[in-house]
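Q: To start, I am sharing the structure in question, which I have written as structure tokens.
The values are calculated or read from the model by the stated rules, or taken from the named source; none is laboratory data. Just so we're clear, the structure is a prediction, and the values are computed from it rather than from any experiment. All Cβ positions, glycine included, derive from the backbone under ideal geometry; neighbour counts span all protein chains shown.
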Amino acid sequence: MKKEWWHNKVAYQIWPKSFQDSNGDGIGDIPGIISHLDDLHSLGVGILWLSPVYCSPLADEGYDISDYYDIDPRFGTLEDMDRLIAEAKRRDISILMDLVVNHCSDEHIWFKKACADPEGPFGKFFYIEKHRPGDPMPTNWRSYFGGPVWDYLPGHTDYVYLHVFHRKQPDLNWENPILRKEVYKMINWWLDRGIAGFRIDAIINIKKALPFCNYPADRSDGLCSIQRMLEKATGVLGFLDEMAAETFHPHGAFSIAELFDNKLEDLPRFIGDNGCFSCIFDFAPEMLSKSQDGWMGAKPVTPDMWKAAVFGSQRLAGTTGFMANIIENHDEPRGVSRYLADGERSETAKKMLAGLSILLRGLPFLYQGQEIGMENTVFTSIDQADDCNTHGEYNAMLSAGLSPEQALSAVSRMSRDNARTPLQWTAGRNAGFTSGTPWYPLNPNFTQINYEEQRQRPDSLLNFYRALIALRKDPQWEETLVYGVTEPWLEHEHRFMAYYRRGPRTLLVLGNWQKQHRSLVLPSKPRQVLLSNLPQVSLFDSHIEMEGFQFLVLAMD
Ligand code: TEU
Ligand code: CA
């Protein structure tokens, strides 16, 4: 495996709308991000991904782009973006933009032109089909956010268009080489502006199984999961290789893909030395709560399930390339709320989860607020949900016969809004997020969980994240922690996770994922305790007593 500049970095995702407001309109913005670059630098962050800040009607919070070449005025200006790139660079931080090219917004000029003339050149930028009233839609696929993927083309009753996400997100037709050229031009325009690369949105969806056809319905709505179509679609790598060759490769850019895919035998083609991306996210732990029945069937994730999923991915990636390790992002509930059970969500346990994740092989990728242990928010009514997907899932649960209370309880556990509450900077007014009215209510626990308190307390979660990241960068351990292999230890021990990182040095990482303490005999006598999430470490030769939720990093040689 070739070594790359980004392998020893730690990355961080910003969801701009909720990071920091600088002008009192209640919406986070780019100047707000700039004002916290020192915080991110002191955490040890070297790569920053911004969820979309392009012009957008925000039907899917920026993942519906109406102009790829400009910044939405709510978030700032192109000059602000240039300043962010420059200020980040001064702190050795590289900026990634979000590349959303499976679809654009229905307010994009391309779509408007397609509506004006469906048979003209811009009609071919989308999937537009002729349709006679009363006829079935071209396919029975269910969109990711619920309901059919087909809708009438605005202004027409004889044409329909495809959208695998929201109806305001028409899919771009990648079969059209003119469209592909436009996309590459835009990517290169941004790379030339000085960004280091992109996080690539929903990219597996760009290849449709054609010609259009139905698959067996899997719910009472008579529709089928979009997954059925994706399983049949072949040839996405052709598009991806072309995109890489036309954009990322000549720029030496970094690319990280959001790739939900079961065809992982193609992994070397995605992230190998000559792969079409630099890196992909490891979603195996997040997938544990996905179900055919949507949120209704979402299972709680146990420590043993999490461990099995994570080790599975570590084995899969092996030394082929890097996957990015996450516990959460803007599409998921908060990691500590999902993976730590009610009654077990202490700061000690949060540190354990942090340590087990950050020290894996791969690129650690944090999400805003994770470093202070932000938790899921409180829902008392569905009217509090902003996210379009949350409304789709809620309605699906009601149609399937759940009571509003049952559906709301699933929303509380699974909603993307959980990750989208404003960042908790202080215990003061609006948690220091805005001087105005926050666009979305704060999690009421900001008086306990906030940056200000954790910054000054030496044993805070924030300082533990700093220590973990510093350990990964420590010249004594860097080679081992970045490139060493992961070797599970006592893999089948219940509610316990441990692994070696073996490189030039040997480290053992241990987490006692239960309330009860645990006695262990280590394979050999450790040379040094490098990190613990508790002040007390009970180690006698090779015998160790671990407290409940204790996390340890031991140097074995
Ligand atoms: O997500 C792609 C995706 O597959 C989502 O449907 C995901 O499964 C869902 O959000 C889980 O609730 C990307 C973006 O990350 C997401 O924010 C966008 O909504 C989506 O693409 C459309 O652009
Ligand atoms: Ca603002």
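Q: What's the number of the only condition in (1) away from ligand 2 (no atom under 14 Å from the Cβ); (2) within 26 Å of TRP5 (Cα to Cα); (3) touching a strand residue (DSSP E or B) at 6+ places or on another chain (Cβ under 7 Å) that LEU78 fails to meet?
A: Evaluating LEU78 over (1) away from ligand 2 (no atom under 14 Å from the Cβ); (2) within 26 Å of TRP5 (Cα to Cα); (3) touching a strand residue (DSSP E or B) at 6+ places or on another chain (Cβ under 7 Å) leaves (2) as the failure.
Q: Taking the condition of being more than 16 Å from ligand 2 (Cβ to nearest atom), of a type outside the set (D, E, K, R) and in contact with a strand residue (DSSP E or B) (Cβ under 9 Å, 6 or more places away or on another chain), how many residues in the range 1-26 meet it?
A: So the answer is 8.
Q: Can you run down the residue pairs with Cβ atoms below 6 Å, 6 or more apart or on separate chains, where the first is in the range 89-106 and within 16 Å of ILE187 (Cα to Cα) and the partner is of a type in the set (Ser, Thr, Tyr) and within 16 Å of ligand 2 (Cβ to nearest atom)?
A: Close Cβ pairs (under 6 Å, with a partner that is of a type in the set (Ser, Thr, Tyr) and within 16 Å of ligand 2 (Cβ to nearest atom)) amount to ASP98/SER51.
Q: When you go through (1) among the hydrophobic types (A, V, I, L, M, F, W, C); (2) touching a strand residue (DSSP E or B) at 6+ places or on another chain (Cβ under 8 Å); (3) farther than 23 Å from LEU259 by Cα one by one for ILE358, which number turns out not to apply?
A: All conditions are met except number (3).
Q: Could you please give the count of residues in the range 48-61 that are within 14 Å of ILE33 (Cβ to Cβ) and more than 16 Å from ligand 2 (Cβ to nearest atom)?
A: Selection size over the range 48-61: 2.
Q: Still on this structure, please answer the following. In the set GLY343, GLY335, GLY373, GLY369, which member is away from ligand 1 (no atom under 16 Å from the Cβ) and closer than 24 Å to TYR499 by Cβ?
A: GLY373
Q: From ASP29, ASP39, ASP64, which residue is more than 16 Å from ligand 2 (Cβ to nearest atom) and farther than 19 Å from ILE358 by Cα?
A: After ruling out the rest, the residue left standing is ASP64.
Q: Something else: Look through the range 246-268, keep the residues that are at pLDDT 95 or above and either charged (D, E, K, R) or within 16 Å of ligand 1 (Cβ to nearest atom) (or both), and return whichever of them is farthest from the chain's Cα centre (by Cα).
A: GLU246
Q: A follow-up question, please. Look through the range 92-115, keep the residues that are within 19 Å of the chain's Cα centre (by Cα), within 16 Å of ligand 1 (Cβ to nearest atom) and outside any loop (DSSP other than H, G, I, E, B), and return whichever of them is farthest from ILE34 (Cα to Cα).
A: HIS103
Q: Something else now. Of these, ALA385, ALA396, which one is crowded, with 18+ Cβ neighbours inside 10 Å and more than 21 Å from PRO444 (Cβ to Cβ)?
A: ALA396
Q: What's the total number of residues in the range 513-542 that are in contact with an Asp or Glu (Cβ under 7 Å, 6 or more places away or on another chain), in a strand (DSSP E or B) and surrounded by 13 or more Cβ atoms within 10 Å (Cβ to Cβ)?
A: 1
Q: Need pairs with beta-carbon distance below 7 Å; first residue in contact (Cβ under 8 Å) with a residue 24 or more places away in the chain and within 14 Å of GLN424 (Cα to Cα) and within the range 16-27, second within 16 Å of ligand 1 (Cβ to nearest atom) and aliphatic (A, V, I, L, M); sequence gap 6+ or separate chains.
A: PRO16/LEU50; PRO16/VAL53
Q: Same structure again: Based on this model, can you work out whether GLY401 counts as without any contact (Cβ under 8 Å) to a residue 12 or more places away in the chain, farther than 30 Å from ASP304 by Cα, more than 16 Å from ligand 1 (Cβ to nearest atom) and of a type in the set (Gly, Ala, Ser)?
A: Yes.
Q: Still on this structure, please answer the following. Just need a number here: residues in the range 378-398 that are in contact (Cβ under 8 Å) with a residue 40 or more places away in the chain and more than 16 Å from ligand 1 (Cβ to nearest atom).
A: 2
Q: If I ask for residues that are more than 16 Å from ligand 1 (Cβ to nearest atom), part of a helix (DSSP H, G or I) and crowded, with 23+ Cβ neighbours inside 10 Å, which ones from the range 1-31 would you list?
A: Listed by number, the list holds a single entry, ILE30.
Q: For the range 419-436, enumerate the residues that are over 18 Å from GLU453 (Cα atoms), hydroxyl-bearing (Ser, Thr, Tyr) and more than 14 Å from ligand 2 (Cβ to nearest atom).
A: THR421
Q: Please enumerate the residues belonging to the range 307-338 that are more than 19 Å from CYS279 (Cα to Cα) and either among the hydrophobic types (A, V, I, L, M, F, W, C) or within 16 Å of ligand 2 (Cβ to nearest atom) (or both).
A: ALA308, VAL336
Q: Out of the range 418-463, which residues are outside any loop (DSSP other than H, G, I, E, B) and within 22 Å of the chain's Cα centre (by Cα)?
A: Those that are outside any loop (DSSP other than H, G, I, E, B) and within 22 Å of the chain's Cα centre (by Cα): ASN418, ALA419, TYR451, LEU461, LEU462.
Q: Determine whether the range 232-239 contains at least one residue that is buried (at least 20 other Cβ atoms within 10 Å of the Cβ), in a helix (DSSP H, G or I) and in contact (Cβ under 8 Å) with a residue 12 or more places away in the chain.
A: yes
Q: Next question, about the same structure. Scan the range 483-497 and tell me whether some residue there is part of a helix (DSSP H, G or I) and touching a residue at least 12 places away in the same chain (Cβ under 8 Å).
A: Among the residues of the range 483-497, at least one is part of a helix (DSSP H, G or I) and touching a residue at least 12 places away in the same chain (Cβ under 8 Å), which makes the answer yes.
Q: On to the next question. Tell me which residues, restricted to the range 101-116, are in contact with a Ser or Thr (Cβ under 9 Å, 6 or more places away or on another chain) and hydrophobic (A, V, I, L, M, F, W, C).
A: Within the range 101-116, CYS104, ILE109, PHE111 qualify.
Q: Do any strands (runs of 3 or more DSSP E) lying entirely in the range 121-229 carry at least 2 residues that are closer than 16 Å to MET243 by Cβ and among the hydrophobic types (A, V, I, L, M, F, W, C), and which ones are they?
A: Correct list: 197-200.
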